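The values are calculated or read from the model by the stated rules, or taken from the named source; none is laboratory data. Please read these numbers as outputs of a predicted model, since none were measured by experiment. With ideal geometry, Cβ positions are generated from the backbone for all residues, glycine too; neighbour counts draw on all protein chains shown. For the accessible areas, the whole protein counts, side chains as well, though only heavy atoms, and no ligand, DNA or RNA atoms are used. Shrake-Rupley method; radii C 1.70, N 1.55, O 1.52, S 1.80 Å.
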Amino acid sequence: MIEFPKFQCMVSRNEEDYDSGIQMYFMKEYDLAELLNRLMKVDEPRMEEYKKMVEFIKSLENYIITGEKAADFSFLEKMEGERGWANDYKILSSENRAAHVAFRACRKTIEVMYYYRLVSRKEGFSGRFNAENFRAFLLMRDILYKRSSDLLKN
């Protein structure tokens, strides 16, 4: 092999390099959706909220790929979040499985945000990776941190 291979990107409709970030964005998005699905099982009182988060992520993927309108994420604005990491090591060292999964989802949200922002800077992707939809991930991060911290207290 003389050159690194490329992959066919569904967003740009071009051959993209594997380090373009777009494929990693989707992989991290899937990881986040998987963690939210796990949260539905271990934190049943908030199951409906996690379902809505997964549905938003799915709709955002459709928006990025096809241009189809993303779902409204105003439900996130009504949920209580918390910035800061006052309980991070308490959560990590606790025996509370639900708190662990919520905190892992919070951290995974940050990874999604990283790749979202990285891809948003690339020509051809910036239109669909906009600041408004990025705000949903900011809200999710704070909501998931708050929930992990609250679960720790229970």
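For the stretch 107-150, a residue qualifies if it is open to solvent by less than 30 Å² (accessible area, probe 1.4 Å), closer than 20 Å to Glu16 by Cβ and hydrophobic (A, V, I, L, M, F, W, C), and the qualifying residues are Val112, Val119, Phe125, Phe129.
Condition check for Asn154 on (1) more than 19 Å from Pro45 (Cα to Cα); (2) of a type outside the set (D, E, K, R); (3) out of contact with any helix residue (DSSP H, G or I) (no Cβ under 7 Å at 6 or more places or on another chain): one failure, at (1).
Just one of (1) surrounded by fewer than 20 Cβ atoms within 10 Å (Cβ to Cβ); (2) in contact (Cβ under 8 Å) with a residue 40 or more places away in the chain fails for Leu39. It is (1). Taken over the stretch 1-54, the criterion of being touching a strand residue (DSSP E or B) at 6+ places or on another chain (Cβ under 6 Å) and either small (Gly, Ala, Ser) or closer than 22 Å to Asp72 by Cβ (or both) is satisfied by no residue. A single entry from Ser20, Ser12 fulfils the requirement of being small (Gly, Ala, Ser), surrounded by fewer than 19 Cβ atoms within 10 Å (Cβ to Cβ) and touching a residue at least 12 places away in the same chain (Cβ under 8 Å): Ser12. Contact map, the stretch 92-105: first residue closer than 12 Å to Ser149 by Cβ, second residue buried (at least 19 other Cβ atoms within 10 Å of the Cβ) and among the β-branched types (Val, Ile, Thr), Cβ cut-off under 6 Å, separation 6 or more or different chains; pairs are Ala99/Ile91; Phe103/Ile91.
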